[in-house]
Amino acid sequence: MNGFTLRRLGPLMEPEPVNPQEVEGVLNPAAARGPDDNLYLFPRLVARGNYSRIGIARVLFNQAGDPSGVERLGIALEPEADYERRPDGGGCEDPRITFVEPLQRYVMTYAALSPVGPRIALAVSEDLFHWTRLGLATFAAYRGIDFVHVDNKDASLFPVAIPNHAGKLQMASSTGRYSRHTP
C-alpha cells in the first residue's frame, strides 16, 4: 500500500444563484499554487447561453488543513480575442495551468470557443492574476492529420524543457510542441 487515504470532503465551489456569470455552472477548474504559496482554482464559469469565462478563486482551509471553501477573486480570462468569440457567444474554458521553470512563468492552456469550433489557446502570467494572451496553439500535421482544423479542448504543458529527437531542449505539450531553445 501507499499510505494515502482518500476522503471526500464535498464540493469546494458551487454556482452562486444570484451571479449571472455562474447561472449555468461552475466546473472543470485548473489548480495552481501561487507565488504567495496559496492554492488557487481557475474554474470555468458558465453564464446563460453557454458563455464561459475563467474565474479565479483562492482555496480556504480549515484548522485541520482541509479545504473548506473558496474566496472568489474575479475573472482571469473573458472572451475578448476574435478566436474566443462567435456570433452566438463564445468562451474561454477548461483551463490547465503549469508553472514552466525555463520561462519562470505560469502558462495556461485553455479551450477558446472560436467561430470554427473549440481550439487550444495559450496565456502567460507571472503572478496568476494578470494574464497575457499568446494566441492559438499551432500544430504541425502528424501522420496526415491537419490538427489546425480539428476541434480540440485538451492540452497541458510539461513544467520543464525536455530533449527532442535531436537532443535540443523544447517545451512539450500533451497535444503538441511549443519549440523554445533553452540554454
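The values are calculated or read from the model by the stated rules, or taken from the named source; none is laboratory data. If you're wondering where the values come from, they're calculated on a predicted model, not measured in any experiment. Don't worry about glycine lacking a Cβ; one is built from the backbone with ideal geometry, like all the others, and counts go over all protein chains shown. For accessibility, only protein heavy atoms count, side chains too; no ligands or nucleic acids. Shrake-Rupley method; radii C 1.70, N 1.55, O 1.52, S 1.80 Å.
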Highest mean first, how do 87-99, 52-64 rank when packing is the count of other Cβ atoms within 10 Å averaged over residues? 87-99, 52-64
Direction-averaged shadow area of the convex hull around the Cα atoms of the chain, nm²? 13.7
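Is the shape of region 1-96 best called rounded, prolate or oblate, per the rule: a/c under 1.5 gives rounded, else a/b larger than b/c gives prolate, else oblate, with a ≥ b ≥ c the square roots of the Cα gyration tensor eigenvalues?
Prolate shape, in that a/c is at least 1.5 and a/b is the bigger ratio.
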Before I look further, what does the chain give for accessible area per residue, probe 1.4 Å, in whole square angstrom? 59
1/(1 + (r/R0)^6) with r = Cβ-Cβ of residue 86 and residue 33, R0 = 22 Å, i.e. FRET efficiency to nearest 0.05, evaluates to 0.05
Order 149-156, 109-116 from most to least packed using the mean count of other Cβ atoms within 10 Å. 109-116, 149-156
Please say if region 44-106 is rounded, prolate or oblate, where rounded means a/c under 1.5 for a ≥ b ≥ c the square roots of the C-alpha gyration tensor eigenvalues, and otherwise the choice is prolate for a/b larger than b/c and oblate otherwise? oblate
How much length would be gained if the chain were fully extended between residue 160 and residue 64, taking 0.36 nm per residue of separation minus their Cα-Cα distance, in nm to one decimal? 31.2 nm
